[in-house]
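Scroll down for the structure; my scribbles are underneath it.
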Amino acid sequence: MSQNTINYLIHDRNARGHAQFGWLDSYHTFSFGSFYDPNRMGFRSLRVINDDRIAPGAGFPTHSHRDMEILTYVLSGAVEHKDSLGTGSVIRPGDAQIMSAGTGISHSEFNPSQTEPLHLLQIWIVPDKQGLAPRYEQKSFPLAEKRGKLRLIAAQDGRDGAVTIHQDVDLYTAVLEPGDVVNYHVKPHRYAWLQIAQGVATLNGEELRAGDGVQISGEEELQISTDIGTEILLFDLG
C-alpha cells in the first residue's frame with residue numbers, strides 16, 4: 001500500500017449478484033440483469049465481470065449486442081462461438097478472445113462438451129467511441145508465457161501480440177504457483193482492477209479468494225503472491 005493513503009477498495013466475492021437457471025450458475029461482480037447495486041455499476045470503462053459456469057451441452061442462444069467490447073476468458077472447459085460475421089471458433093483456456101459489437105452483432109455461445117462443465121469469465125468494456133465496425137479476434141497464449149509473470153493479452157495498440165481492444169485498457173493475466181511473486185506499478189493518473197479468477201492470492205499482505213475484485217484508484221505499488229496457487233486478471237485502466 002501507499003504510505004499515506006489507501007488507494008484500493010476490495011469488492012467481496014460474497015456481495016456479488018447471483019443467478020441460477022439450472023444450466024447456468026452465474027455470479028455478477030457489477031450490476032447486471034436483476035442484480036442492482038448502486039455501488040457496483042462498473043469501474044472506469046469496465047462494466048461487466050460475470051463468473052459463469054455452464055452445464056454440458058448448454059449455453060446462450062443467439063442474441064445481440066452493440067457498442068461494447070466483449071471478452072470471454074475460459075478457465076476450464078471450452079466454449080463454441082458463432083456470430084453474424086460468419087466467425088465460428090472454439091475458445092479454450094489460454095486463449096484471448098474479443099468481440100467488438102460496434103454497430104451491432106449477434107452471436108451464440110455454447111458448451112460443446114456433453115460431459116464436461118464450462119467455467120468462464122465474461123467481461124464487458126465500454127469502447128472509446130460508438131458506431132465502430134463489428135469485429136472478432138482470438139489469439140492463444142501458452143501457459144509458459146504467464147506462469148509466474150504477468151502476460152499482456154489485450155491492449156488498445158495490440159502490442160506484444162495482444163488482441164486489440166477499442167479502449168485505453170491493458171489487460172494482463174498470470175498463473176502463479178506457491179512462492180511466485182509479481183509486482184506491478186500503477187502509474188499516476190491511472191486506475192486498475194485486480195480480479196482473482198481462481199485460487200487464493202495475497203495483494204500487499206491482504207488475502208483474496210476467487211471471485212474477489214480490487215478497485216485501485218491512483219498510483220499504487222502492487223505485490224501479488226500466493227501460497228496455494230492462483231490465476232489473476234489485472235486491468236490497467238485510463
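How large is the dipole of the chain about the Cα centre if only Lys and Arg carry +1 and Asp and Glu carry -1, each at its Cβ, rounded to the nearest 20 debye?
My answer is approximately 420 debye.
Please say if region 8-237 is rounded, prolate or oblate, where rounded means a/c under 1.5 for a ≥ b ≥ c the square roots of the C-alpha gyration tensor eigenvalues, and otherwise the choice is prolate for a/b larger than b/c and oblate otherwise?
rounded
Taking 0.36 nm per intervening residue step and subtracting the Cα-Cα distance, what contour gain separates residue 23 from residue 183 on full extension?
53.8 nm
How far is it, in nm, from the label point at residue 221 to the one at residue 144 when both lie 7 Å from their Cα along the line to the Cβ?
3.3 nm
State the extension gain, in nm to one decimal, for the chain segment bounded by residue 228 and residue 60, taking 0.36 nm per residue of separation less the distance between their alpha-carbons.
57.2 nm
I need the shape label for region 1-100. Rule: rounded when a/c is under 1.5, else prolate if a/b > b/c, else oblate, with a, b, c from the alpha carbon gyration tensor.
prolate
Report the number of Lys pairs in the chain whose alpha-carbons are under 23 Å apart, with separation of 8 or more residues or on distinct chains.
Close lysine pairs found across the chain: 4.
Subtracting the Cα-Cα distance from 0.36 nm times the residue separation, let me have the gained length for residue 114 to residue 36 in nm, one decimal.
Extending this stretch completely gives an extra 24.7 nm.
Give me the distance in nm between label points sitting 7 Å out from Cα along the Cα-to-Cβ direction at residue 67 and residue 157, one decimal.
2.8 nm
Cα gyration tensor of region 109-238, axes a ≥ b ≥ c as square roots of the eigenvalues: rounded (a/c below 1.5), prolate (a/b > b/c) or oblate?
Verdict is oblate for region 109-238.
Which stretch or stretches of region 94-110 have amide N atoms under 12 Å from the point lying 7 Å from residue 135's Cα along the Cα→Cβ direction?
The answer is 98-102, whose backbone nitrogens lie closer than 12 Å to the label point.
Bear in mind these aren't lab numbers, they're just calculated from the coordinates by the rules spelled out. This is a predicted model, so every value here is computed, not measured. Note that we place each Cβ from the backbone using ideal geometry, even for glycine, and neighbour counts take in every protein chain shown.
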